[in-house]
Structures are given as C-alpha cells and as structure tokens.
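Each remark here refers to the structure printed beneath this line.
The values are calculated or read from the model by the stated rules, or taken from the named source; none is laboratory data. This one's a predicted model, so the numbers in the text were calculated from it and none came from an experiment. Positions of Cβ are backbone-derived with ideal geometry, glycine not excepted, and every protein chain shown enters the neighbour counts. Protein only, heavy atoms only, side chains kept; ligands, DNA and RNA dropped before computing areas. Shrake-Rupley method; radii C 1.70, N 1.55, O 1.52, S 1.80 Å.
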Amino acid sequence: MKFYPYKRLNRPVGLRVTSVSLRLPDRTRDHLDTSAFSTPQRTVALGVAQHEDWLSARIGLSATLPPGATDPDAPWSDLRVLAVLTDGDTNVRTTVELRQDAPESKEWSGAIEVRRDDHVGRADLAVHAVATVDGVRGRAITETDTDWTIDTTAEEPLGGLRLDVKQTSFTKSAREWLRPYADAPWVVDASGRLPVVMVNTDVEGFSDLLGGETGGMENRVHELLLSQMATDVWTAVFHSAVGDLEVEPDGSPVFPSDWRGEVLREMLPDVVPGLRAEDALRQVHRRRTGDAGWAELQTRVHFAAVRRAGARQSLANVLRALQQTNREDRS
Amino acid sequence: MIEQPHHLPPRLGLLSATAADPFLTEDLLRGIQGHGGVDLAKVVEPLPEEDPRWRAEPLRELIDDVLHQFKENRTEADAWLAPRLHAALRLTRREAADRRIWNHLALGVAPDYVAWRHASAPSSGSADSRVAAARFKGSPDRQCFSRLWWAAELFRNGRDYAPVVVACSNQDLIHTVMRSDLVDHRPTAQALVRVLQSGIATTGREINGLMAAINTAGATLVYDAMAADEWRDPEDLRRWIEEAETAPPVPRHELPTGPEEEPVPEKSVETLTKYFADLFETAPVRGRAPQG
C-alpha cells in the first residue's frame, strides 16, 4: 500500500477508447471500426487494417472521474486530467491533456497520438487526475487502476503473451545456428524481443499437421503439440526473465519494462502464491542467486507454465478423441 | 587486446543473442583471441540491401577515430562517440529497440572497441581483465553501443546534441539514469543536464541522492503536469533518416546536427531545473552533512 501525505480519491479513473484512426503517408486518415479495440481486454490493435506504413494513430479517449473529484469543496484546485502513453521497449512517454466535457462534469475526453516509429510492439496507456493539493502543484489524486494496451502490430485486440512461430528446416536454414539442433522437433529462443518457437520442418509431416485444419484427431494432436510448445515457451521466458534482472543498489530486483515484466507479473502468483508481485519477485531472485530453494521452485515454475499453456484441457481433448476412435473401431 | 575481425562485414545485419552466444568465447571476453569474422557472417540475418544506412564502413571509421583519439582515456570516449554514433546510424526508436543490430555492431564490426572500452581495470592484473558478455549482447543500458545511442536519443534536445555531451561526461549519470524511466520525459532529461551543468550535483553519491529524491517525489507527482512537452512530428525524423543517403561523414571536431524536431519548451526545463535543485537541497546524500 502506497502512502500519500495528502488527500486523494480512493476510487480509480475509468477509461474508454472511443475511436481509432490512422494517419497514412499520403496524409489521408483511415478511421478504423470498433473491431480495432476491445473494452474487456483493454487493448487496441493498430494492425487491424493491415496498413504497413502508417505515420501515427489517433486514439479517442473518454475518462470518467470517480465521485468527489469535481466537488466545489474538494480539498484541491486546478484539477487536470492527463493521458500518458509509455513504452518500456523504446523509452517513449507521450502525454496529452484531456478536456472536461462540461463544467463540473465527471467526463473528460480527448485524443492521444501514437507515432508508429516510436513503438515496436505494445505501449501502455494510463490516465492520471492531477491537482494542486495543500499548495503543491502536480499531485496525483487518482488514476486508472489497469492500463490499456496499445498494440501497434496486432491484428486483433487480444491480451496475453505474444509469441512468434517460425517454420524452417533446421539442416538447411540460412539460420546456421539451428543446425546443431537438427534432432529437435522445435526449439525456443527467448533471447529476443519476442519469444520465438522455431519449428523443424525436417520432421516429416509436422508442418502439415500444424498448418492443417483437417478436423478430428489431427486437430486434437495439433492442439496438444501447441500446448506442449507453449509450456516450453512459458518455462523458457520465465527463466530468461529472472536470469536477466536488474538489481537496485539495495539489492532488490526490478521488474523488467518489456514483455519479460509482463511474463513475470503473470506467472509469479502461481510460482510464489500469496505474495505481492514485488515480494514474490524478491523471493524468486533470492532463491536463484542464493544457496537454497531454486531446485524446489522448479515444480512451481512448471506448474505455472502448464496452466498458462492449457495443457490439461488439450490433453483431455486428445484422450476423449482417442476413446471415440477406439469405440468406432470396435463397433 | 584483441584486433578487429579479419573479415569485416560490409553491411550491418541482425544477429540474435542466441546465434551470437557461441562466439562469445572465454578467450574473446578475456581479450586474448578475437574471431575471424567469416563464421559469424553465416549466422547474421541481412538487412535490406538498398538502404544506405546499413553500410558498416562509416561506423568502423568512426570507431577507428575514437580508438585513436581516446587511447589514454577510454571513459571520455563516451561523450565523444554518443552523439556521433547517433548521427551516423540514423534509426527510429522502433529500429533501435531491436537488440540484434547492436549485437552485430559489437561482435561483427567492432569487438576490439568493446574489449578496449569495457575490459575490467588492468590494475587487477592484465591477465585477469575481462569484458562482461552484456557489453556485447546485453540490455540496452549495458550493451556497449546501444547505451550510447539511447543516451544520445534521450538527452538530445531536438537537433541539439550538446546536452548529450554533458550527460555522457558523467558516468554516474548515464549509469544511474538510463535504468530509470524518468528521462523518458524529455523536460526531465533536460532539467537533469542543467542541474549537472550548474555544479549543484556532480559526484556519484550526489547524483544517486538526487535521483532518489526525484523518484520519491515522483511517486506522488506527475512531472508531465508541471512541465509540458511539445508534440514531435514523426515526419521530421523520417526526413532526417532519408537524408542519411546524402549526408557527409559525421563531423569529428564539431558536434553533428540531429533531426529537426521540436525542442523541449524552455519554460518546462526551467521549471523542473528549479524544482530539482530545491529537492536536492533537502535530499539526504550519503557523506553530506544534513542541511539546516
């Protein structure tokens, strides 16, 4: 719990995206329809119209302040509402001030511009209500409790871990580093900006199976393999994330600002249940770098990965499909 | 010390950390034996042929000059190289966030520079001197070249690189500040440079104290509300990048000129500079008597 030495509002700001348009190199604008954003997922997908070379996107915003913000006897003055877009991959911070829809209204609106060249993947959008409190300017009196995600490449507004799947022949690929792995059906590379699964097309029929939508048993096996790969990815990215932590001068680890941070925040509740994210991270870091407890943690890391990969469900589906074919064979 | 690779790549490419790993041998990191370059070239993914920005030669010449000029004082090389690297390798932030470019520059084009700049102090016995692998392929604030490029990007004021020189002249500042996201706010970055220039905070301890104070205050304050920034038009940067094709080599004696972007509003920088200086007055700094 953060302590504030002044009066604040104890409820968060509500934030909605109301419109999205892209500015194209020929200076025209493409107004995207509502499929570009999802309120339940709190995500905007700017790749939805598949323009390769847009310059910037304008995202229309509407923020609702909690009750009490605009009371005439509120303990603050100069109330302002700012939308702030941040991106840990590119160190970008873009701020825009929203306007009050009507005097004393709780509704504030405006639009923020997202420059294409300033982002690789995802950026976070938050809204802060700021005021002069006890004579101090610029104090935060409340903010959104969950950020919106602005995904500059996604074609669908979905949250969750993104990964890249590439199919290639490990023995003939131009990526020569894959050759030593010729015996593996797939390998995971968690060292890059996004985790990548390299699928080995030297395994005959493998890419047909993964690409096919043939239905029936093939589909179930396909699902099972995908969930296997996803388990591997989640495990690899967890280790890559905790293996590369920045440490504050006082020894406490810092959440990475890129997708590694997202992965850790998502998996830690399963790896170290019942602790706040920061405390959980500290404990994991201590176990990894200290002398005890790292091996014991592996079961929990595996559990967190398996859960996210939906392994249980895909296994159940295969088993059910198997039973069905067996029954059909017998009859 | 290792030499530059015998086979220098003509163009920059993308070298993933996983592909780079086998080349970061113990001998390379200890500065005993470099690599020939031929095998490394096989694992590099090419960048588009037609783009003149990926020519490696201008970058290698820059490296040769900095090696020559700062032979005796390698830490001072940062302030010289950061703005020049930024102006010679014109990237969008989106491109610069791809670590594979930096991996290739470090391992393929200038491993000798990385070893020279970041070998642990020779005082501990030259046989034991070693370069951290993160200087070749680490996080953006650790990797030899990306930390300089990003320092230049975050501290330049529009086209003006002078603040970059101030920021990079102080190892404590770039070391401490680049890890925090405070300087993502351009007025904050410029105000930090002003505070440094004014001589209010200069030593490592003082800078750590100042950063801690700014962070603590920043937990309840929104600096954007105190000091607004200007909108930067993305076309200004694109134009500058396109001009890379016809741009002469970056000047060695003068500072280069950056993209013609809107500078940070002067009023915002002044407001924050004054605010930070006041904060520092009352900040607890190790080794400094509490101020009354």
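What the table below lists for this structure:
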item: Residue A:113 vs. criteria assigned to a strand (DSSP E or B), open to solvent by 50 Å² or more (accessible area, probe 1.4 Å) and within 14 Å of chain B (Cβ to nearest Cβ); result: no
item: For residue A:90: the one exception among (1) modelled with pLDDT of 95 or more; (2) facing chain B (nearest Cβ under 9 Å); result: (1)
item: Every residue from the stretch B:47-74 that is over 16 Å from residue B:7 (Cα atoms) and touching a strand residue (DSSP E or B) at 6+ places or on another chain (Cβ under 7 Å); result: B:47, B:54
item: Restricting the stretch A:64-85 to residues that are crowded, with 20+ Cβ neighbours inside 10 Å and β-branched (Val, Ile, Thr), the residue that is nearest to the other protein chains (Cβ to nearest Cβ); result: A:84
item: Helices (runs of 4 or more DSSP H) within the stretch B:137-247 that include 3 or more residues at pLDDT 95 or above and of a type in the set (Phe, Trp, Tyr); result: B:146-155
item: Top-ranked residue of the stretch A:277-305 - restricted to ones that are open to solvent by 80 Å² or more (accessible area, probe 1.4 Å) and of a type outside the set (S, T, N, Q), ranked as farthest from residue A:266 (Cα to Cα); result: A:291
item: One residue from A:61, A:15, A:9 being of a type in the set (A, V, I, L, M, F, W, C) and either assigned to a loop (DSSP other than H, G, I, E, B) or within 14 Å of chain B (Cβ to nearest Cβ) (or both); result: A:9
item: Only listed residue being over 22 Å from residue B:181 (Cβ atoms), in contact with a Ser or Thr (Cβ under 8 Å, 6 or more places away or on another chain) and either within 14 Å of another protein chain (Cβ to nearest Cβ) or open to solvent by less than 60 Å² (accessible area, probe 1.4 Å) (or both), chosen from A:219, A:200; result: A:200
item: Flag if residue B:232 is within 12 Å of another protein chain (Cβ to nearest Cβ) and free of Cβ contacts under 8 Å to residues at least 60 places away in the same chain; result: yes
item: Neighbours by Cβ (under 7 Å, 6+ apart or cross-chain): first from the stretch B:104-117, in the same structural domain as residue B:74 (by TED's automatic domain parsing); second of a type in the set (Lys, Arg) and surrounded by fewer than 24 Cβ atoms within 10 Å (Cβ to Cβ); result: B:109/B:60; B:110/B:60; B:114/B:135; B:116/B:74; B:117/B:74
item: Options A:254, A:263: the member that is modelled with pLDDT under 90, among the β-branched types (Val, Ile, Thr), under 24 Å from residue A:146 (Cα atoms) and open to solvent by 20 Å² or more (accessible area, probe 1.4 Å); result: A:254
item: Residue within the stretch B:199-207 that is more than 21 Å from residue B:164 (Cβ to Cβ) and within 14 Å of chain A (Cβ to nearest Cβ) present; result: yes
item: Within the stretch A:20-40, tally of residues that are buried (at least 16 other Cβ atoms within 10 Å of the Cβ) and either over 23 Å from residue B:235 (Cβ atoms) or not assigned by TED's automatic domain parsing to the domain that holds residue A:59 (or both); result: 3
item: Residue match in the stretch A:166-182 (condition: in contact (Cβ under 8 Å) with a residue 12 or more places away in the chain, more than 12 Å from chain B (Cβ to nearest Cβ), part of a strand (DSSP E or B) and of a type in the set (D, E, K, R)); result: no
item: Residue B:260, sole failed condition from (1) open to solvent by 20 Å² or more (accessible area, probe 1.4 Å); (2) closer than 25 Å to residue B:170 by Cβ; (3) in a loop (DSSP other than H, G, I, E, B); (4) away from every other protein chain (no Cβ under 14 Å); result: (2)
item: Counted residues, the stretch A:127-165 - those being open to solvent by less than 40 Å² (accessible area, probe 1.4 Å), within 14 Å of chain B (Cβ to nearest Cβ) and either closer than 22 Å to residue A:48 by Cα or part of a loop (DSSP other than H, G, I, E, B) (or both); result: 4
item: Positions within the stretch B:111-130 being at pLDDT 90 or above and either touching a Pro at 6+ places or on another chain (Cβ under 9 Å) or within 14 Å of chain A (Cβ to nearest Cβ) (or both), in sequence order; result: B:111, B:112
item: Single match in B:100, B:94 (criterion: part of a helix (DSSP H, G or I), touching a strand residue (DSSP E or B) at 6+ places or on another chain (Cβ under 6 Å), within 14 Å of chain A (Cβ to nearest Cβ) and closer than 26 Å to residue B:151 by Cα); result: B:100
item: Identity of the residue in the stretch B:141-185, small (Gly, Ala, Ser) and closer than 20 Å to residue B:268 by Cβ, that ends up most open to solvent (accessible area, probe 1.4 Å); result: B:162
